[in-house]
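The values are calculated or read from the model by the stated rules, or taken from the named source; none is laboratory data. Bear in mind the structure is a predicted one, so any value in this text is a computation, not a measurement. Here the Cβ is made from the backbone with ideal geometry for all residues, glycine too, and neighbour counts use every protein chain on show.
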Ligand code: CMP
């Protein structure tokens, strides 16, 4: 039973861990959510053909059934999560059910069943069904990033919002005093003036309320300028926070890839960190030429995943290099141009090290330099032997 539960876990939660069946499950679920939401949207068209309406209703039933089974499976396999707090057969599952994504899963199906017991306002029912879109959050790693950015930058963001609130109150109060005599119907109270203030500060400017007195217009002008400044502030904070977060994520991703290159295993963590910061990830599609014989020696490559083939001479079978191997080092160490053409045999994730960074790396890590040089010597000897055999 436990083995079965583990397998189901690999399917239900395994997509992000890279299990193929898990990916398939995710793809099917995402498709269903999108189709279901599209049906809800189109279902609001007043003159929809009855056939379509029937199809949409059928889809609704399918969706509810699938989402219910999915929810049940997720509860069942929650204990496989590996984290301690989900371990207990009862409390672990209850804790899982209280997580935000689990609550969303529940909220997407529960109204359907409740609607048989109590009568829902149709607008409400439509809104609740739209919640199914939120299910997609599980598959959006970008959303995680945004949430993290907002959390990390919460202090400047709160400061920005406070400034905006203060400016809004001051501007609206001034406009109220300037305009209330002339337009008592529009600027009759500070809350009324605040609606104008918000629309003006956000530079949306609906124009439903506009100051007409000279003083009111001056205040309006100032509000527009201040609005641009105070709205630009949070946008800037979020943008730079986002960039910073992406850099850190790339760093972690590259770190994981570097761990696949045995050459680096002998180094201590701080040294690996220094190298990771210098490496750039590049994807080569199958068949793509990465390095051309006779080309310039500007960088070297480590293979994190995939395979490449090295064609040294046209009439010699290519040498295949795999995950953990490196290439493009010869021209950097021995000088001159590239000794061979290297092309991707499969899609490959390559970690690229520019020539200058490579020289720094060699100076800082003599043992690494030795290891790479040893490989160069072996490869040169191999090529010499092959060349001699061809001439003989
Ligand atoms: P470089 O000459 O800079 O560019 C081509 C690369 O092919 C070369 O560095 C090596 O990394 C690689 N290469 C050349 N000969 C061999 C070989 N015999 N076995 C494996 N790789 C090789």
Original post:
When you look at residue 23, is it under 24 Å from the mean Cα position of the chain (by Cα), over 21 Å from residue 106 (Cα atoms) and surrounded by 13 or more Cβ atoms within 10 Å (Cβ to Cβ), yes or no?
Top reply: yes
**OP:** Give me a count of the residues in segment 44-71 that are under 19 Å from residue 105 (Cβ atoms) and surrounded by 12 or more Cβ atoms within 10 Å (Cβ to Cβ).
**Re:** 11
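Could you tell me whether residue 386 is in contact (Cβ under 8 Å) with a residue 40 or more places away in the chain, within 13 Å of the ligand (Cβ to nearest atom) and not in a helix (DSSP H, G or I)? It would help to see each step written out before you state the result.
Values: in contact (Cβ under 8 Å) with a residue 40 or more places away in the chain: yes; within 13 Å of the ligand (Cβ to nearest atom): yes; not in a helix (DSSP H, G or I): no.
No.
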Original post:
Would it be correct to say that residue 211 is buried (at least 17 other Cβ atoms within 10 Å of the Cβ) and not in a helix (DSSP H, G or I)?
Top reply: yes
Original post:
Which condition breaks for residue 162 when tested against (1) within 20 Å of residue 232 (Cα to Cα); (2) at pLDDT 90 or above; (3) exposed (fewer than 14 other Cβ atoms within 10 Å of the Cβ); (4) in contact with a helix residue (DSSP H, G or I) (Cβ under 8 Å, 6 or more places away or on another chain)?
Top reply: (4)
Original post:
For segment 367-376, does any single residue satisfy the condition of being in contact with a strand residue (DSSP E or B) (Cβ under 6 Å, 6 or more places away or on another chain), on the phi < 0 side of the Ramachandran plot and either without any contact (Cβ under 8 Å) to a residue 60 or more places away in the chain or in a helix (DSSP H, G or I) (or both)?
Top reply: no
Original post:
Looking at 41, 37, which one is surrounded by fewer than 17 Cβ atoms within 10 Å (Cβ to Cβ), under 30 Å from the mean Cα position of the chain (by Cα) and within 13 Å of residue 133 (Cβ to Cβ)?
Top reply: 41
Original post:
When you go through 332, 281, 263 one by one, which is the residue that is surrounded by 13 or more Cβ atoms within 10 Å (Cβ to Cβ), more than 9 Å from the ligand (Cβ to nearest atom) and outside any strand (DSSP E or B)?
Top reply: 263
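Would you mind finding the one in 379, 338, 322 that is near the ligand (Cβ under 10 Å from one of its atoms) and closer than 25 Å to residue 266 by Cβ? Working first, answer last.
Numbers: 338 fails: closer than 25 Å to residue 266 by Cβ; 322 fails: near the ligand (Cβ under 10 Å from one of its atoms).
Result: 379 is the single residue among 379, 338, 322 that is near the ligand (Cβ under 10 Å from one of its atoms) and closer than 25 Å to residue 266 by Cβ.
Are any of the residues in segment 297-310 surrounded by fewer than 13 Cβ atoms within 10 Å (Cβ to Cβ), within 13 Å of the ligand (Cβ to nearest atom) and not in a loop (DSSP other than H, G, I, E, B)? Before the answer, list the steps.
So in segment 297-310, the residues surrounded by fewer than 13 Cβ atoms within 10 Å (Cβ to Cβ) come out as none.
So far as segment 297-310 goes, no, none of its residues is surrounded by fewer than 13 Cβ atoms within 10 Å (Cβ to Cβ), within 13 Å of the ligand (Cβ to nearest atom) and not in a loop (DSSP other than H, G, I, E, B).
Where in segment 73-150 are the helices (runs of 4 or more DSSP H), entirely inside, with at least 2 residues that are under 19 Å from residue 34 (Cα atoms) and touching a residue at least 60 places away in the same chain (Cβ under 8 Å)? Outline the logic, then answer.
Numbers: elements: 91-97, 100-114, 122-130.
Ranges flagged: 122-130.
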Subject >> Enumeration of residues in segment 343-376 that are surrounded by fewer than 17 Cβ atoms within 10 Å (Cβ to Cβ), within 14 Å of the ligand (Cβ to nearest atom) and within 22 Å of residue 253 (Cβ to Cβ) >> reply: 354
